[in-house]
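Student: Next up is a structure, given as structure tokens.
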Protein chains: 2
Amino acid sequence: NRRGATSNLSKLISKTHPADMAWVFRHLTKDERTAVFNIIGESEFVGEFLSELDDAFVIELVKELDPPSMAEILSDMPSDDAVDLLEILPEDLADTIREHMKKKDREEVDELMQYHPESAGGLMSPDFMYLDEELTAGDAINVIQNRGEDKEMVFYLYITHGDRKLSGVISLRELLLHPAEQKLKEIMNPNVISVSTDTERGEVAHVVSQYNILAVPVVDSNYTLVGIVTVDDIIDVIREEATEEFLQMAGAGKDREILLKSTKESAFIRAPWLFASWIGGIVTMFVIGSFEHELAKVIALASFIPIVTGMGGNIAVQSSTIVVRGIATGRINMNEAYKVVFKEIRVGIILGLVYGTVLGVVAFLGFAEPPLLGVVVGGAILSSMVMSAFVGTSIPLIFKRFDIDAAIATGPFVTTSIDILSTLLYLWFAKIFLNL
Amino acid sequence: NRRGATSNLSKLISKTHPADMAWVFRHLTKDERTAVFNIIGESEFVGEFLSELDDAFVIELVKELDPPSMAEILSDMPSDDAVDLLEILPEDLADTIREHMKKKDREEVDELMQYHPESAGGLMSPDFMYLDEELTAGDAINVIQNRGEDKEMVFYLYITHGDRKLSGVISLRELLLHPAEQKLKEIMNPNVISVSTDTERGEVAHVVSQYNILAVPVVDSNYTLVGIVTVDDIIDVIREEATEEFLQMAGAGKDREILLKSTKESAFIRAPWLFASWIGGIVTMFVIGSFEHELAKVIALASFIPIVTGMGGNIAVQSSTIVVRGIATGRINMNEAYKVVFKEIRVGIILGLVYGTVLGVVAFLGFAEPPLLGVVVGGAILSSMVMSAFVGTSIPLIFKRFDIDAAIATGPFVTTSIDILSTLLYLWFAKIFLNL
């Protein structure tokens, strides 16, 4: 019977971790999602569940709730998670929900919403543990015992002076090693690594992973401690940035949830990037058209167009992927970018010689007619691969120099320009060497 | 003077975080690297520095040190980092160094080396804090105060029973909230999330990020606690796996340090993947050659080959990137993979109709001669894009089904098969509709 089924479902849900429930949600139908959320919505885990859930589902579910009960759920969530949730909702719905929140909670949320979502300010939690440097180790332990409940990352205690100015850090374990009467300012580590509210989130991720820390304090322009970014949020940032980079390089937009989008939305997101290659294709069409006279004389020339553009395109994608990832992981020093370009050109020469020679031989053996066809095809492969390695390396480096995201340069732009240039090079070679 | 310069350099180095030194190293010449390492080698940070350094530099530097002093450096390092370092060295050099290590350290290292480097056993640290469940909270704090120095992640205390069988976990903060006389087994959380020594490292990363935890305990087949994997290592795993995925999808191998490799090594790593597209190019060449008769009649047909293969290739790369990343981030349920395939086909139909129509019109307006050329070209774009969306989606899903890494399927294999199939489709269309 129905009631029994619901109660079994309730039991199952109450035993499942909210993060796992969010995972399972991806594989339910809309009706199932509504039924399950009716149960989760009553539980104390609803906030945690919503903050783990994919944006598309959050929007779907929140629209069905009335704003006052949603405001209540948000009030119980850590305020940084509440802000993340409000930011994905349509603006008018978010405003209505905010108006139903208690004044104190709303002010906390408004405070955080002033920061850009992709900055340290947008990532940070304001519920952290800080202690004045004049307190003693014993006082500190008392404070933790009384107040630590709702704070994030209580394993690092940030020490402040005056009006919450950051002065140092001490770990909970270090605190335990000192006599109760010692002052925090005597035992803290004053060399505390911090970021500013407007530090870009990729840079925050870099700091946390570079120094192997579990959280980083965030200060405003007056060096006042305003929040902390914890390592679990950093992991999400690293994952999300990698996914965006992948999609951008494939010319598929940067919507991480593209798999959850409808067919029409997915087509709409991807269409503009295909337009770039469509334009490139038209240009290549005209390039080939302008050599119609030469092609008519040696029809075999047409057979080699795809292999020349293909080999060029592939080495260009190799080069640009290596460069884009090198920029993202900090392995490329922009002041020595020319070294990378020269090296890729040398790699292009080696690979072009190898594949140009073998293709030249194939062409010579396969097509007896214009005896120099092998030379033309081999030479075209060599020059196209060298040119492609150069273009594939340079485009992302130039974009980066002008502070444009290097990932978007790689996919459609690189392969399209290689198609045009390789075709031009090859047919021009043919015209000259075959005296057409 | 030289001595003054060295002493200034020493000062600078001693003020720089070892992780930052490792970063700087990428931009030094070989001579500079040797000079700087002569100073770092004397400092207490040498172990931390080496474990942050790129593999290629580690090998270069360690080869110049004598094995006994290298053995000493390793003995001072956390044993998981020591193992990571030994595993990148040539086997005979690693063996010589191991023989110089103290028996106890060597045994610890040998213990860890039995695990696969890409498993939880290969990632874990054996220097963690565990306490028997019969101890009291007060005992536990004493143990931490006396023994916590060299342990990793003392913020989580793992609780065991009998012969180190995992029974629960408690955080250091929770420990402080309980009276000193309470037994750990009464206050611990018995629902502890753990992984097994042979859990694949990507799965370990998934567990840690899914549950937002700072470390996960590793148990052997008897549920004996043998180590922990900390979140900083997980961040490295996520970064490394993303970089490998990028390179594989571009057909550029999976060596994360390819930028540090010589020109010849880089060409060697990339050559095999280009061979796949070279073979594809030869096949395409024969496909076009077999339509020589038709091309000779309507030379304009050749002009459209690149745009047909290009549009197909681009939508295929979009589809396969979305699928590969969807598999990597757990957004694709393999039991419902057919849904993804159907959706991508629908996207292919929409985009194929749009771009096929506009290209058909361009062809009709640009080339008066065979009046049906527009229909042929438009139809070829449509069918090529639908077919490409299908192939681009299916290949990674099929690879995944056979437990082959989906990333390697994307780059060269997909684009090469699309080149062949699109050309064939297009020329076959032309032959039929134009009655050639």
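Student: Once the dipole of chain B is set up with Lys and Arg at +1 and Asp and Glu at -1 on Cβ about the Cα centre, which of B:H161, B:I299, B:T393 lies farthest towards its positive end?
Tutor: In chain B, that residue is B:I299.
Student: Considering chain A as a Gaussian network with a 10 Å cut-off on Cα pairs, which listed residue, A:T423, A:T393, A:T96, attains the greatest mean-square fluctuation?
Tutor: A:T96
Student: Another question about this same structure. For the protein assembly as shown, with the dipole built from +1 on Lys and Arg beta-carbon atoms and -1 on Asp and Glu ones, taken about the Cα centre, which of B:T34, A:G253, B:T284 lies farthest toward the positive end?
Tutor: Among B:T34, A:G253, B:T284, the one farthest towards the positive end of the dipole of the protein assembly as shown is B:T284.
Student: Give me the inter-chain shielding for A:271-278: mean count of other chain Cβ atoms within 10 Å, whole number please.
Tutor: Mean shielding by partner chains, rounded to a whole number: 5.
Student: Now for a different question. Per DSSP helix of 4 or more residues, -39500 (n - 2.57); summed, then divided by the residues of chain B. What does that give at 222 nm, rounded to the nearest 500? Before the final figure, lay out each step's value.
Tutor: Numbers: 21 runs with 277 residues, N = 436.
My calculation for chain B gives -20000 deg cm²/dmol from helical runs alone.
Student: When Cβ neighbours within 10 Å are restricted to other protein chains, what is their mean count per residue of peptide A:329-340? Could the numbers behind the result be given before it?
Tutor: On the way: counts 7, 2, 10, 3, 4, 0, 1, 2, 0, 0, 2, 1.
Average per residue, whole number: 3.
Student: On each of the three principal axes of the Cα atoms of the stretch A:297-436, give max minus min coordinate, whole Å, ordered largest first.
Tutor: 52, 23, 19
Student: Along Cα-to-Cβ, 7 Å out, sits the label point; list in nm, shortest first, how far the one on B:D20 is from those in the other copies.
Tutor: 4.4
Student: Shortest first, in nm, what separates the label point of B:K103 from those of the same position in the other copies (7 Å along Cα→Cβ)?
Tutor: Distances between equivalent label points, in nm: 7.4.
Student: To the nearest 10 degrees, how steep is helix A:91-100 against the longest Cα principal axis of chain A, on a 0 to 90 scale?
Tutor: The angle comes out near 10 degrees.
Student: Taking only Cα atoms, what is the 0 to 90° angle, nearest 10, from helix B:67-76's long axis to the longest principal axis of chain B?
Tutor: 80 degrees
Student: Assuming R0 = 35 Å, can you tell me the calculated FRET efficiency for the pair B:Y211 and B:D76, based on Cβ-Cβ distance, to the nearest 0.05? Intermediate results must be reported in sequence, preceding the final value.
Tutor: Values: r = 33 Å, r/R0 = 0.94.
After rounding, the FRET efficiency stands at 0.60.
Student: Which values of log₁₀ I(q)/I(0), to two decimal places, follow from the Debye formula for the stretch A:102-175 at q = 0.11, 0.28 Å⁻¹ with a uniform point scatterer at every Cα?
Tutor: -0.34, -1.26
Student: At a temperature of 25 °C and a viscosity of 0.890 mPa s, determine how fast the stretch A:238-317 diffuses translationally according to Stokes-Einstein, using the Kirkwood radius over alpha-carbon pairs as Rh; express D in µm²/s, rounded to the nearest whole number.
Tutor: Result for D is 159 µm²/s.
Student: Using alpha carbons only, how many degrees (0 to 90, rounded to 10) separate the axis of helix B:79-88 from the longest principal axis of chain B?
Tutor: Computed tilt is about 40 degrees.
Student: Of all the Cα-Cα pairs you can form in the stretch B:130-239, what percent are over 24 Å apart?
Tutor: Values: 1428 of 5995 pairs.
Taking all Cα-Cα pairs of the stretch B:130-239, the fraction more than 24 Å apart is 24 percent.
Student: With only alpha-carbon atoms counted, please give the Rg and Dmax of chain A, in Å.
Tutor: 29.7, 96
Student: Given A:L351, A:I381, A:G326, which one lies farthest toward the positive end of the charge dipole of the stretch A:258-433, if we put +1 on the Cβ of every Lys and Arg and -1 on the Cβ of every Asp and Glu?
Tutor: It is A:G326, whose Cα lies furthest towards the positive end.
Student: While we're on this one: Please compute the net charge surrounding B:L397, taking Lys and Arg as +1 and Asp and Glu as -1 over other residues with Cβ under 14 Å from its Cβ. Let's see the in-between values first.
Tutor: On the way: positive: B:R325, B:R331, B:K339, B:K343, B:K400, B:R401; negative: B:E336, B:E344, B:D403, B:D405.
Net of charged neighbours comes to +2.
Student: Cross-link candidates for A:K15: which lysines have Cα within less than 27 Å, leaving aside residues fewer than 8 places away along the same chain?
Tutor: Straight-line reach from A:K15, under 27 Å: A:K30, A:K63, A:K151, B:K165, B:K183, B:K185.
Student: Restricted to Cα positions, what overall size does the protein assembly as shown have along the principal axes? Three whole-Å values, descending.
Tutor: If we take the Cα atoms of the protein assembly as shown, the spans are 96, 78, 55 Å.
Student: Ok, one more. About the Cα centre of the stretch A:258-433, what is the dipole size in debye to 20, counting +1 per Lys and Arg Cβ and -1 per Asp and Glu Cβ, all else neutral? Working shown, then result.
Tutor: Numbers: 12 positive and 9 negative charges, 90 e Å.
That gives a dipole near 440 debye.
Student: When the C-alpha atoms of the stretch B:2-114 are aligned to their principal axes, what extent does each axis show, in angstrom, from largest down?
Tutor: Result, largest extent first: 44, 22, 22 Å.
Student: Please compute the net charge surrounding B:V308, taking Lys and Arg as +1 and Asp and Glu as -1 over other residues with Cβ under 14 Å from its Cβ. Show your work: numbers first, answer last.
Tutor: Working: positive: none; negative: A:D419, B:D419.
Combined, the nearby Lys, Arg, Asp and Glu give -2.
Student: What FRET efficiency do you get for B:L260 and A:E32 if R0 is 56 Å and r is their Cβ-Cβ distance, rounded to the nearest 0.05?
Tutor: On the way: r = 50 Å, r/R0 = 0.89.
Given R0 = 56 Å and the Cβ-Cβ separation, E is 0.65.
Student: While we're looking at this one, here's another question. Averaged over its residues, how many other protein chain Cβ atoms are within 10 Å of peptide A:358-367's Cβ atoms? Let's see the in-between values first.
Tutor: Values: counts 3, 4, 0, 0, 4, 2, 0, 0, 4, 2.
That works out to 2 on average.
Student: Additional query: Taking a label point 7 Å out from Cα toward Cβ, give me the nm distances from B:E42 to the same spot in the other copies, shortest first, one decimal.
Tutor: Result, one decimal in nm: 7.2.
No value in this document is a laboratory result; all are computed from the given coordinates. Just so you know, these numbers come straight off a predicted model, no measurement behind them. No Cβ is skipped: glycine too gets one built from the backbone with ideal geometry, and neighbour counts run over all protein chains shown.
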